[in-house]
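Following: one structure in structure tokens, then a few remarks.
The values are calculated or read from the model by the stated rules, or taken from the named source; none is laboratory data. All values reported here derive from a predicted model rather than from experimental measurement. Positions of Cβ are backbone-derived with ideal geometry, glycine not excepted, and every protein chain shown enters the neighbour counts.
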Amino acid sequence: MFLKKSASQKTSFNIIKALSLLFLCFFLVNCTRQQDEETARSGRMALAVDRQLSVIAESQAELFNRYYPKAHITVMPVSSNKTLKLLLDRSVRAALIDGETDPAEDVFFAQQKHQLRREPIAHDALVCVVHSNNPLRTISVEELGELFFTSGKTGVTPLIENDYRLRSLLVAKTGKKVSDLRAWTCGGNKELIMRVSADKKAFALLFRSSLDKTLSDLALYSKNEQQNTKILPLSRASSDVPACLPTQQNMFEGTYPLVTTLYYVYYPGDALAAGFGAWLGSSGQKAFERSSFAPYRLVEKTIILK
């Protein structure tokens, strides 16, 4: 009798133990699935950005994370000729580029099995920077073409940011050929700005976002570069008056001649990538308003009257 009772208790214990283990396994599997499941507001992803966009991209990712703590965006700054390549080989799940894709890229993307979606989210600009003692007060896109290409004027030092999309935009706006470009590239934007601040004959072309980031970095050591450089107001042609500066309003309205568009690129169907893109096009516009970029659209503001 005692043996039968002990066997019965042992059997019951084994059943309870097996059920407990089964429940634990189910719980762990369920938790893992919940962690792996991503939504438009949760999960992890890498975002490739053109190098000059790193500061604003990191700011936007941080704000997105504050609103949605379960979402984590890792920003990867790279040169502009690598940004979309990382997206195409699936090393990242989204990309932020400064400027239009060229015809060759458009043809290549059209041939892809999975089509990319491209959303405009903000504006940047190309700026011409000279020494603060340069006598010129304005310059035109037409004159930039003469300075930076084969038929350029003598006695000047044309410098250009080493950026693939910047060159493409300059060529498109001036009607010149890339092969005719006769400008010097530097080891980096810090070197470029330092050369302008020391050479009264230098003319440098770079993104407004690159200029702001470079001057901010240099200010940690010296403010000479900021004091010794200036942005020339720009017009479309020599006869155009007045020339204007790349202010946020002029960039937004398109009155500044060399405005670029920031595009957010991702694969449709990717929940988190789409969610972050939606953020950039709506709530994220406020962050662009507070930066040197221009928002792509105005953010509606509600005024409560008491």
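Here K306 does not fit the description of being in contact with a His (Cβ under 6 Å, 6 or more places away or on another chain), at pLDDT below 95 and either closer than 27 Å to N134 by Cβ or not polar (S, T, N, Q) (or both). Restricting attention to segment 226-245, which residues are closer than 20 Å to N133 by Cα and either in contact (Cβ under 8 Å) with a residue 40 or more places away in the chain or more than 25 Å from the chain's Cα centre (by Cα) (or both)? Hits for segment 226-245 are Q227, N228, T229, K230, I231, L232, P233, L234, A243. The residues in segment 107-145 that are under 22 Å from L47 (Cβ atoms) and surrounded by fewer than 20 Cβ atoms within 10 Å (Cβ to Cβ) can be counted, and the count is 10.
In segment 189-217, the residue that is nearest to V156 (Cα to Cα) out of those that are out of contact with any helix residue (DSSP H, G or I) (no Cβ under 7 Å at 6 or more places or on another chain), in contact (Cβ under 8 Å) with a residue 12 or more places away in the chain and not basic (K, R) is D199. Close Cβ contacts (under 8 Å, 6 or more residues apart or on different chains) running from residues in segment 161-177 that are closer than 12 Å to L258 by Cβ to residues that are aromatic (F, W, Y) comprise L166/F207; L170/F148; T174/F148; T174/F149.
Of all residues in segment 97-106, those that are under 25 Å from F276 (Cβ atoms) and surrounded by fewer than 22 Cβ atoms within 10 Å (Cβ to Cβ) total 4.
Screening S80 with (1) polar (S, T, N, Q); (2) surrounded by fewer than 15 Cβ atoms within 10 Å (Cβ to Cβ); (3) in contact with a helix residue (DSSP H, G or I) (Cβ under 7 Å, 6 or more places away or on another chain) gives one miss only, at (2).
Determine, yes or no, whether S197 is surrounded by fewer than 16 Cβ atoms within 10 Å (Cβ to Cβ) and either in a helix (DSSP H, G or I) or modelled with pLDDT under 95 (or both).
Judged against the criteria, S197 is not a match.
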